[in-house]
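One structure is given below, encoded as structure tokens.
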Amino acid sequence: MKNSYCLFDFNNAAPLSGWTVVDDPVMGGRSRGSLTVDSEGHGVFSGEVSLKNNGGFSSIRFDCGRVPLHGARHIVLRVQGDGKRYQFRIRARKSDAHAYVAYFDTRGTWEEIRLPLEGFYPSFRGRRVDLPNFGGDSLEELGILIGNKREEHFLLRIDRIGLESD
């Protein structure tokens, strides 16, 4: 039997105060992203990725505090994408320079995506770093990034983000 734990459930009453948008203007780029809640209570991460001024990404981050994993083996997302590829990111400690990343593709329909925690690899500024894949017993930050090396509009609806163990 699978056990699950909800990290964030988007709905009309859920505050977005723990979420932050981080786009490439922090490095001189021109991409623009936003996170809102639509009338149906889904999170909507949308915007435009620009390659101007060496840009190329938009992201959202959630400071979830210290969340013990208690044997969790997967991050589980219920999303409706736009057919584009996204990156899910976690940090064991918010102060870490690197994040652990895994990619997921969307099909344009509502879908549940399971990302094995052991498959998240360490990355810093888009480059893999020489550390082992994620093996932590807790996490403090999660996020979603789009950066497909092309100019594009994007829209990802998010219902919930959780953890699942076997």
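Could you grab me the full set of residues in the stretch 24-62 that are free of Cβ contacts under 8 Å to residues at least 60 places away in the same chain and at positive phi?
Gly28, Gly41, Asn53, Asn54
Pick out the one residue from Arg125, Arg91, Arg150 that is basic (Lys, Arg) and more than 17 Å from the chain's Cα centre (by Cα).
Residue meeting the stated conditions: Arg150.
Go through the stretch 1-47 and give me each residue that's loosely packed, with under 14 Cβ neighbours inside 10 Å, assigned to a strand (DSSP E or B) and touching a Gly at 6+ places or on another chain (Cβ under 6 Å).
Passing the criteria: Ser4, Cys6, Ser34.
Give the number of residues within the stretch 94-107 that are of a type in the set (S, T, N, Q), under 14 Å from the mean Cα position of the chain (by Cα) and closer than 17 Å to Arg66 by Cα.
Going through the stretch 94-107 one residue at a time, the tally reaches 0.
For the stretch 99-148, what are the residues that are without any contact (Cβ under 8 Å) to a residue 60 or more places away in the chain, touching a Phe, Trp or Tyr at 6+ places or on another chain (Cβ under 7 Å) and under 14 Å from Arg61 (Cβ atoms)?
Those that are without any contact (Cβ under 8 Å) to a residue 60 or more places away in the chain, touching a Phe, Trp or Tyr at 6+ places or on another chain (Cβ under 7 Å) and under 14 Å from Arg61 (Cβ atoms): Tyr100, Val101.
Computed from the coordinates by the stated procedures, all read-outs in this text should not be read as laboratory data. Please read all numbers here as calculations on a predicted model, not as lab measurements. Neighbour counts are summed over all protein chains in view; Cβ atoms, including those assigned to glycine, are modelled from backbone coordinates with ideal geometry.
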